[in-house]
1. I'd like the full set of residues that are hydrophobic (A, V, I, L, M, F, W, C) and closer than 17 Å to T138 by Cα, limited to region 76-124.
2. Quick one: in region 36-93, which of the residues that are at pLDDT 70 or above, of a type in the set (G, A, S) and surrounded by 13 or more Cβ atoms within 10 Å (Cβ to Cβ) is farthest from the chain's Cα centre (by Cα)?
3. Select from region 1-35 the residues that are over 30 Å from K46 (Cβ atoms) and surrounded by 12 or more Cβ atoms within 10 Å (Cβ to Cβ) and list them in ascending order.
4. For region 80-138, how many residues are in a loop (DSSP other than H, G, I, E, B), closer than 20 Å to A69 by Cα and among the small types (G, A, S)?
5. Return a yes/no flag: does region 118-136 have any residue that is among the hydrophobic types (A, V, I, L, M, F, W, C), in contact with an Asp or Glu (Cβ under 7 Å, 6 or more places away or on another chain), surrounded by 10 or more Cβ atoms within 10 Å (Cβ to Cβ) and at pLDDT 80 or above.
Amino acid sequence: MSEEKYRFRVKRGDIEIEYEGKSPEVNARFKEAFDWVKTVTVSPPKPEPKKEKELEEKKEKKRGGARTAVISPAIDELIEEGFLDDFKRADHVLDELTRKTVPVSGIEPVILALNRRVPKVLDRVKDKEGKWVYRKKT
């Protein structure tokens with residue numbers, strides 16, 4: 001014949017108690033475990049301290065970025081000088097800004113600054129290669 005077994009499982013946070021046995025013994029152990037669970041306080045897991053390298057990477061990512069406060073006035077100056085009287089691609093504008101020692105981090109800020117002027121000051125069309133070219137409105 002099989003013997004009747006009883007069991008219980010108590011879990012609190014990361015700690016788990018499981019017990020199996022005869023009824024009176026299981027009841028006694030359950031009372032002990034239940035009293036223990038009442039007294040144990042579970043604190044939330046502490047966040048791991050961030051590594052110095054991760055903090056430095058975040059600082060590096062924040063630096064630089066779009067320099068539209070420098071690029072926009074420089075593009076306005078190019079328009080006034082007549083540089084954009086003929087069709088020019090964004091990379092030509094970037095080269096000219098670099099030649100004038102304007103601190104430009106890449107082509108994207110130049111394209112953004114040019115596109116802001118499209119409806120009012122500049123025309124934008126695609127050339128034979130399918131790239132956008134810009135010219136001063138006439």
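1. Scanning region 76-124 gives L78, I79, F83, L84, F87, L114, V118, V121, L122.
2. Filtering region 36-93 for residues that are at pLDDT 70 or above, of a type in the set (G, A, S) and surrounded by 13 or more Cβ atoms within 10 Å (Cβ to Cβ), the one farthest from the chain's Cα centre (by Cα) comes out as A74.
3. Within region 1-35, Y6, F8, Y19, E20, G21, E25, V26, N27, A28, R29, F30 meet the criteria.
4. Within region 80-138, residues that are in a loop (DSSP other than H, G, I, E, B), closer than 20 Å to A69 by Cα and among the small types (G, A, S) number 2.
5. Checked region 118-136: at least one residue is among the hydrophobic types (A, V, I, L, M, F, W, C), in contact with an Asp or Glu (Cβ under 7 Å, 6 or more places away or on another chain), surrounded by 10 or more Cβ atoms within 10 Å (Cβ to Cβ) and at pLDDT 80 or above.
The values are calculated or read from the model by the stated rules, or taken from the named source; none is laboratory data. Since the model is a prediction, treat every value here as computed from it, not as a measurement. Ideal geometry is used to build each Cβ from the backbone, glycine not excepted, and the neighbour counts take in all protein chains shown.
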